[in-house]
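Just below is one structure, and these are the notes that go with it.
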Amino acid sequence: MIRRLTKLFDEFFQSEKAGGYLLMGCAALAVVLANSSVGDAFLNLWKMPLPGGAPLEWWINDGLMAVFFLLVGLEIERELYIGELSDWRNALVPLMAAVGGMAVPAIVFLAYNNGLPTVHGFGIPMATDIAFAIGVMGLLGNRVPIALKVFLTALAIIDDLGAILVIALFYSHGFSFAWFAVAVATFAVMMIMGYRKVYSLWPYLLGFVVLWYALHHAGIHATIAGVLTAFAIPFGHGEKGTPSYDLQHFLHHPVAFFIIPVFALANAGLKITPEMTAGLYTPLGMGILVGLVWGKPFGVLLGVMLGRSIGGREASDNVSWWQYTGAGMMAGIGFTMSIFITLLALHEPAEINVAKGAIFLASLVAGILGFVVLRVVGTRA
């Protein structure tokens with residue numbers, strides 16, 4: 001029998017579901033505005049330089065998104081301590097599903113783009129947008145068993161961790177050993193504070209800012225500071241009043257209802273042009289489309305089979321293979337993380353526009369297919 005869900009998980013799921021609806025609306029609005037009479041003004045708004053010289057979109061993508069990754073890190077920490085990932089036998093199935101769901105799309109993309117400059121975009125179809133996926137699943141209500149919601153959430157969280165590792169390893173540039181040493185020292189101090197049970201949040205938040213600055217200057221993408229900070233913050237027993245619980249509780253709504261929607265407005269502005277639609281048939285476009293729509297569910301199902309065959313214990317017995325298929329299709333909704341990696345991997349505006357178009361189309365198709373499969377299958381095992 002599935003373990004009783006903690007209050008914090010339920011809160012996380014509900015905020016992600018509601019935030020997913022808002023995310024859909026903001027993404028659609030960004031596309032409409034980008035292709036309207038105010039399209040150029042709307043797109044140029046995000047390139048407006050702020051004091052210090054960096055454009056507004058940089059502060060959103062490198063600053064606000066670091067807070068998003070802080071919440072992701074706190075949720076990973078919760079899952080590892082008391083959630084679905086705390087028991088390795090329970091964690092094995094979503095873990096292997098996530099690995100398969102990242103590996104197969106990357107292989108598909110590499111097969112299309114091998115030997116081309118766009119090969120660096122292999123991380124684009126690896127990601128799952130947890131807010132979007134849970135938002136679509138939330139439309140099904142009680143037709144989806146709670147065990148499948150837990151599975152998809154755990155899979156998406158592991159997927160986020162994989163995306164973070166990919167960003168850190170492959171999409172960082174201009175490494176500086178001196179600044180990296182500052183980052184390591186800062187993180188070490190934060191870990192010592194956690195070990196010493198320093199429960200005040202302010203020292204960790206200050207360390208978060210210093211770590212973000214140091215990583216940025218070290219050539220490592222600064223959003224990684226969010227995840228590292230999350231793991232330094234004491235978890236305790238996960239109860240109300242512990243720093244990890246309180247910060248995660250506080251961040252749910254600002255992230256779901258402000259940071260992610262603002263990111264969508266700033267980055268989902270897709271110019272629909274003949275060149276963009278033609279680009280969907282290029283290796284870049286096909287690698288993303290096939291990777292997300294086909295590679296994701298195939299990789300997820302392959303991972304589930306492997307996890308079960310080597311001793312993984314499922315959270316519940318009422319999840320069928322068709323339901324796993326539907327969840328795997330929804331994992332193909334890459335949106336936020338896929339766009340985020342696109343901006344790191346690609347530099348030509350035309351390629352970025354094609355990638356965004358492929359992400360939009362793939363996420364739409366994957367969401368519809370997953371919704372239809374789960375609606376038809378219902379709650380039957």
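Counting only DSSP H runs of at least 4 residues, each contributing -39500 (n - 2.57), and dividing by the residue count of the chain, the helix-based mean residue ellipticity at 222 nm comes to -22000 deg cm²/dmol. Scaling against 2.2 N^0.38 Å puts the C-alpha radius of gyration of segment 26-81 at 1.57. For segment 97-142, the C-alpha radius of gyration divided by 2.2 N^0.38 Å, with N the number of residues, is 1.49. Could you work out the percent of alpha carbon pairs in the chain separated by over 26 Å, rounded to a whole number? Taking all Cα-Cα pairs of the chain, the fraction more than 26 Å apart is 50 percent. Calculated on the Cα set of segment 94-198, radius of gyration then Dmax: 18.5, 54 Å. The calculated FRET efficiency for the pair Leu206 and Ala103, based on their C-beta separation and a Förster distance of 41 Å, comes to about 0.60. Spacing of the modelled spin labels on Ala54 and His217, each 7 Å from Cα toward Cβ, amounts to 1.3 nm. Projecting label points 7 angstrom from Cα along Cα→Cβ for His347 and Leu29 puts them 3.4 nm apart.
Which FRET efficiency value, to the nearest 0.05, do you get for Lys240 and Leu45 by plugging their Cβ-Cβ distance into 1/(1 + (r/R0)^6) with R0 = 51 Å? E(calc), rounded to 0.05, equals 0.80.
For segment 139-187, what ratio Rg/Rh do Cα atoms give with a Kirkwood hydrodynamic radius? Result: Rg/Rh = 1.31.
What does the C-alpha gyration tensor say about the overall shape of segment 196-260? Classify as rounded when a/c is under 1.5, otherwise prolate if a/b is larger than b/c, or oblate. Don't skip to the answer; put the middle values down first.
Values: a/c = 2.50, a/b = 1.32, b/c = 1.89.
It comes out oblate by the Cα gyration axes.
Once the gyration tensor of the Cα atoms in segment 191-307 is diagonalised, the equivalent ellipsoid follows with semi-axes of 38, 21, 16 Å, ordered largest first. Computed over the Cα atoms of segment 157-213, pair by distinct pair, the Kirkwood hydrodynamic radius stands at 13.0 angstrom. Of all complete DSSP H helices in the chain, those with a Cα span along the helix axis of 30 Å or greater and a mean Kyte-Doolittle hydropathy of -0.5 or more are 7-34, 88-113, 146-170, 349-377. Looking at segment 117-257, the pairs of alpha carbons with a distance over 17 Å make up 69% of the total.
Using every Cα-Cα pair within segment 69-127, state what percent have a distance larger than 19 Å. Summing the P(r) of segment 69-127 above 19 Å gives 48 percent of all pairs. Give Lys197/Lys296; Lys47/Lys296; Lys296/Lys356; Lys149/Lys271 a once-over and call out the pairs whose C-alpha atoms are over 29 Å from each other. Check vs 29 Å cut-off fails for Lys197/Lys296; Lys47/Lys296; Lys149/Lys271. Stokes-Einstein diffusion for segment 28-130, with the hydrodynamic radius set to the Kirkwood value over Cα pairs and evaluated at 20 °C in a medium of 1.002 mPa s, equals 123 µm²/s.
Here, each number is a calculation from the coordinates, and none is a lab measurement. Just so you know, these numbers come straight off a predicted model, no measurement behind them. For neighbour counting, all protein chains shown are included, and Cβ atoms are generated from backbone atoms with ideal geometry for every residue, glycine included.
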